[in-house]
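The structure appears right after this line, and notes come after that.
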Amino acid sequence: MNQAPIAVLFPGQGGYYPGALTGLAGSHPAAQAVLAAMDPIARAHLGGTLSDYLAAPPPPDSEAHTLRAQGLYQLAIYGASLVVYRLLESEGLVPRVFVGHSFGELAAMVCAGGFTVEEGTEILCERVTALQQLGAHSGFMAALGTGVAQAEQVVQQVGSPRLAIAAENHSGQTALSGSEEAMAQAQRLCGPLRIAFKRMSSLYPFHCPGVMQPIAEDFGARLRRFASRPLKAPVFSPILGRYYGPEEPLTGHLAQHLIHRVRFSTALHTLAQEGLTAFIECGASRALSSFAQSELAAPEIFTLTLLHSRAPARESVAAALQALRARRLLPEAR
């Protein structure tokens with residue numbers, strides 16, 4: 001099938017909810033292959049397997065917290081993204097470009113051939129190990145209900161090097177990141193300005209250089225043993241604001257992703273100007289597809305997510321595949 005004007009989007013933090021793959025992980029060959037590749041590495045590095053978590057019925061909140069604390073939450077985000085993409089690939093999807101939001105860039109690189117599933121899992125385990133140096137109260141992230149200009153004003157008023165804009169998601173939402181103290185100051189400023197301040201589920205203050213720089217350096221050192229392969233498909237980085245070169249070394253960028261801002265809204269406009277009209281979210285999230293819908297807001301723009309908490313996985317996937325076929329973005333079922 002020829003390439004359609006499709007961008008596949010891979011979420012970062014928040015890209016997994018407990019039980020997201022229930023009904024898929026044990027029944028679909030693509031899901032089984034991903035988990036079989038990841039499980040031995042997760043067991044060796046983190047002391048548990050993803051199969052126990054991804055395919056289980058939704059656990060209580062305490063279980064979800066334990067999953068995050070073990071580092072398996074990060075692997076769950078990555079694993080869910082790979083499962084969804086491999087499922088679409090097995091149905092004949094041929095995207096024009098891969099796009100990751102923050103940590104989602106690793107899944108984008110893997111799906112575009114820059115790393116194997118196993119290598120991506122090892123890289124992620126090294127990332128988890130580096131992050132554990134921060135401890136549980138190093139800071140957090142929050143979504144502000146405003147554009148980047150007003151969010152920048154909040155950062156300037158706080159005046160702390162341990163506070164930064166983490167991501168420009170769309171014109172009405174900007175993510176902040178920083179230490180507990182700096183974020184508390186930012187929240188106090190947001191009240192009088194009538195800016196919504198919603199704490200995110202992220203365990204660490206990603207994209208804040210004042211907190212994350214030492215972790216980025218340690219992670220970068222851990223990545224020296226890895227070598228990326230030439231990309232088989234285009235990968236656009238919202239952090240770099242450009243496509244990766246087909247044979248560009250990728251590992252150095254992965255460490256810098258911890259401290260650099262994600263300009264996702266700008267990336268969406270760039271891709272739309274290049275003729276991309278379909279934005280499909282690969283992961284257990286609907287955030288990126290909703291960002292695309294809000295930011296681009298044109299009748300020709302089509303957005304879709306395959307997994308979301310409002311419907312069982314098998315039902316939501318079946319409905320998504322039907323919608324893709326109706327738009328001729330997938331070949332007819334064999």
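The values are calculated or read from the model by the stated rules, or taken from the named source; none is laboratory data. Quick caveat: nothing in here was measured; it's all calculated off a predicted structure. Cβ coordinates were reconstructed from backbone atoms using ideal geometry, including for glycine residues, and neighbour counts include every protein chain displayed.
Check Pro230, Pro246 and return the single one that is over 25 Å from Met212 (Cβ atoms), touching a Pro at 6+ places or on another chain (Cβ under 9 Å), of a type outside the set (Gly, Ala, Ser) and without any contact (Cβ under 8 Å) to a residue 40 or more places away in the chain.
Values: Pro230 fails: without any contact (Cβ under 8 Å) to a residue 40 or more places away in the chain.
After ruling out the rest, the residue left standing is Pro246.
If you go through segment 119-147, how many residues are of a type in the set (Val, Ile, Thr), farther than 19 Å from Arg199 by Cβ and buried (at least 20 other Cβ atoms within 10 Å of the Cβ)? Spell out how you get there, then give the answer.
Residues of segment 119-147 that are of a type in the set (Val, Ile, Thr), as a first pass: 121, 123, 128-129, 146.
From what is left, the residues that are farther than 19 Å from Arg199 by Cβ are 121, 123, 128-129.
Subsequent filtering for residues that are buried (at least 20 other Cβ atoms within 10 Å of the Cβ) retains 121, 123.
Number of matching residues: 2.
Report yes if some residue within segment 267-277 is farther than 30 Å from Arg327 by Cα, assigned by TED's automatic domain parsing to the domain that holds Thr305 and part of a loop (DSSP other than H, G, I, E, B); otherwise report no.
Pass one, segment 267-277, residues farther than 30 Å from Arg327 by Cα: none.
No - not one qualifying residue is present in segment 267-277.
Would you confirm whether any residue within segment 285-303 is surrounded by 15 or more Cβ atoms within 10 Å (Cβ to Cβ), under 23 Å from Gln74 (Cα atoms) and among the β-branched types (Val, Ile, Thr)?
The initial filter retains those residues of segment 285-303 that are surrounded by 15 or more Cβ atoms within 10 Å (Cβ to Cβ), namely 285-296, 301-303.
With the extra rule that they be under 23 Å from Gln74 (Cα atoms), the set shrinks to 285-291.
Then keep just the ones that are among the β-branched types (Val, Ile, Thr); that gives none.
Checking segment 285-303: not a single residue is surrounded by 15 or more Cβ atoms within 10 Å (Cβ to Cβ), under 23 Å from Gln74 (Cα atoms) and among the β-branched types (Val, Ile, Thr).
Please go through segment 14-56 and pick out each residue that is over 21 Å from the mean Cα position of the chain (by Cα), at pLDDT 80 or above and over 18 Å from Tyr85 (Cβ atoms).
Pro40, Arg43, Ala44, His45, Gly47 - these are the residues of segment 14-56 that are over 21 Å from the mean Cα position of the chain (by Cα), at pLDDT 80 or above and over 18 Å from Tyr85 (Cβ atoms).
Sort through Gln132, Gln153 and tell me the only one that's modelled with pLDDT under 95, not β-branched (Val, Ile, Thr) and not in a loop (DSSP other than H, G, I, E, B). Talk me through it step by step, then tell me what you get.
Numbers: Gln153 fails: modelled with pLDDT under 95.
Within the list Gln132, Gln153, the selection yields Gln132.
If you scan segment 278-306, which residues turn out to be among the charged types (D, E, K, R) and without any contact (Cβ under 8 Å) to a residue 60 or more places away in the chain?
So in segment 278-306, the residues among the charged types (D, E, K, R) come out as 281, 286, 295, 300.
Arg286, Glu300 - these are the residues of segment 278-306 that are among the charged types (D, E, K, R) and without any contact (Cβ under 8 Å) to a residue 60 or more places away in the chain.
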